[in-house]
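Undergrad: Can you keep this structure in mind? I'll have questions shortly.
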Amino acid sequence: MNNTEKIIREIKEFHIDIEAWFRGKEDQENLYEKLLYGFHEDFKMITGNNDTITLAAFSEWLPGAYGQFPNRKIVLEDIEVYATENHGLASYIEIQTTGSTVTQRKSSAVFVIDEERAFWLQLIEKWI
């Protein structure tokens with residue numbers, strides 16, 4: 001698997017897992033570990049509201065969101081990736097639907113790549 005494929009796989013798997021988390025449909029402990037495993041220890045996210053979230057803050061937030069949106073659906077569109085030997089830059093559109101509420105965000109992410117997989121280093125979200 002090349003580095004572009006590793007990044008695309010990480011993006012898709014994370015969103016499948018976070019959707020399952022919001023729905024509360026899988027074993028919480030195992031899914032929690034799986035979600036956090038994909039992040040570099042220095043991970044930071046800038047949300048659509050311009051708040052900066054560290055990995056520690058994200059990991060503390062997750063338990064409160066488990067099962068809170070049992071009907072949420074997440075769809076990804078327009079995934080684009082540029083990868084080098086050790087890093088990658090991706091952009092994509094994320095669409096979350098909960099009942100009649102639809103939110104969209106344009107996301108850009110930086111990944112650190114090792115032999116096995118890509119790890120999220122930074123994520124920037126902008127509301128569409």
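Undergrad: Mind listing just one residue for me: the one in the range 91-128 that is among the acidic types (Asp, Glu) and closer than 22 Å to Asn2 by Cα and, of those, farthest from the chain's Cα centre (by Cα)? Let's see the steps before the verdict.
TA: Kept after step one, since they are among the acidic types (Asp, Glu), are these residues of the range 91-128: 94, 114-116, 125.
Add one more test, that the residue is closer than 22 Å to Asn2 by Cα, and what stays is 114-116.
Values: Asp114: 18, Glu115: 20, Glu116: 18 Å.
Looking at residues that are among the acidic types (Asp, Glu) and closer than 22 Å to Asn2 by Cα, I get Glu115.
Undergrad: Here is a follow-up. Just checking, which of Gly88, Gly24, Gly64, Gly38 is more than 13 Å from the chain's Cα centre (by Cα), of a type outside the set (A, V, I, L, M, F, W, C), at pLDDT 95 or above and under 22 Å from Asp114 (Cβ atoms)?
TA: Details: Gly24 fails: under 22 Å from Asp114 (Cβ atoms); Gly64 fails: under 22 Å from Asp114 (Cβ atoms); Gly38 fails: more than 13 Å from the chain's Cα centre (by Cα).
Sole residue among the options that is more than 13 Å from the chain's Cα centre (by Cα), of a type outside the set (A, V, I, L, M, F, W, C), at pLDDT 95 or above and under 22 Å from Asp114 (Cβ atoms): Gly88.
Undergrad: Another one. Here are some conditions: (1) touching a residue at least 24 places away in the same chain (Cβ under 8 Å); (2) assigned to a strand (DSSP E or B); (3) in contact with an Asp or Glu (Cβ under 9 Å, 6 or more places away or on another chain). Lys44 meets all but one. Which one does it not meet?
TA: With respect to (1) touching a residue at least 24 places away in the same chain (Cβ under 8 Å); (2) assigned to a strand (DSSP E or B); (3) in contact with an Asp or Glu (Cβ under 9 Å, 6 or more places away or on another chain), Lys44 is out only on (3).
Undergrad: Looking at the structure I just gave you, is Glu29 over 23 Å from Ile128 (Cβ atoms), out of contact with any helix residue (DSSP H, G or I) (no Cβ under 7 Å at 6 or more places or on another chain) and assigned to a helix (DSSP H, G or I)? Even if it seems obvious, please write down each step before you answer.
TA: Working: over 23 Å from Ile128 (Cβ atoms): yes; out of contact with any helix residue (DSSP H, G or I) (no Cβ under 7 Å at 6 or more places or on another chain): yes; assigned to a helix (DSSP H, G or I): yes.
Yes, satisfied.
Undergrad: Related question: May I ask you to verify whether Ile11 is of a type in the set (A, V, I, L, M, F, W, C), within 12 Å of the chain's Cα centre (by Cα) and surrounded by 13 or more Cβ atoms within 10 Å (Cβ to Cβ)?
TA: Numbers: of a type in the set (A, V, I, L, M, F, W, C): yes; within 12 Å of the chain's Cα centre (by Cα): yes; surrounded by 13 or more Cβ atoms within 10 Å (Cβ to Cβ): yes.
When the stated conditions are applied, Ile11 passes them.
Undergrad: Continuing with the same structure: Hey, can you tell me all the residues within the range 1-25 that are among the basic types (Lys, Arg) and either in contact with a Pro (Cβ under 6 Å, 6 or more places away or on another chain) or part of a helix (DSSP H, G or I) (or both)? Spell out the reasoning first.
TA: Step one: of the range 1-25, the residues among the basic types (Lys, Arg) are 6, 9, 12, 23, 25.
Selection gives Lys6, Arg9, Lys12, Arg23.
Undergrad: While we're looking at this one, here's another question. Out of all the residues in the range 107-127, which are surrounded by fewer than 16 Cβ atoms within 10 Å (Cβ to Cβ) and over 17 Å from Ile53 (Cβ atoms)?
TA: Residues of the range 107-127 surrounded by fewer than 16 Cβ atoms within 10 Å (Cβ to Cβ): 108, 114-116, 126-127.
Asp114, Glu115, Glu116 - these are the residues of the range 107-127 that are surrounded by fewer than 16 Cβ atoms within 10 Å (Cβ to Cβ) and over 17 Å from Ile53 (Cβ atoms).
Undergrad: Tell me which residues, restricted to the range 20-61, are small (Gly, Ala, Ser) and either surrounded by fewer than 13 Cβ atoms within 10 Å (Cβ to Cβ) or over 22 Å from Arg72 (Cα atoms) (or both). Break it down stepwise before answering.
TA: Just the residues of the range 20-61 that are small (Gly, Ala, Ser), to begin with: 20, 24, 38, 48, 56-57, 59.
Within the range 20-61, Ala56, Ala57 qualify.
Undergrad: For Asn50, indicate whether it is in contact (Cβ under 8 Å) with a residue 12 or more places away in the chain and of a type in the set (S, T, N, Q).
TA: Considered against the rule, which asks whether it is in contact (Cβ under 8 Å) with a residue 12 or more places away in the chain and of a type in the set (S, T, N, Q), Asn50 comes out as no.
The values are calculated or read from the model by the stated rules, or taken from the named source; none is laboratory data. Not measured: the values here are computed from a predicted model. Methodologically, a virtual Cβ is constructed for each residue, glycine included, from the backbone with ideal geometry; neighbour enumeration extends over all protein chains shown.
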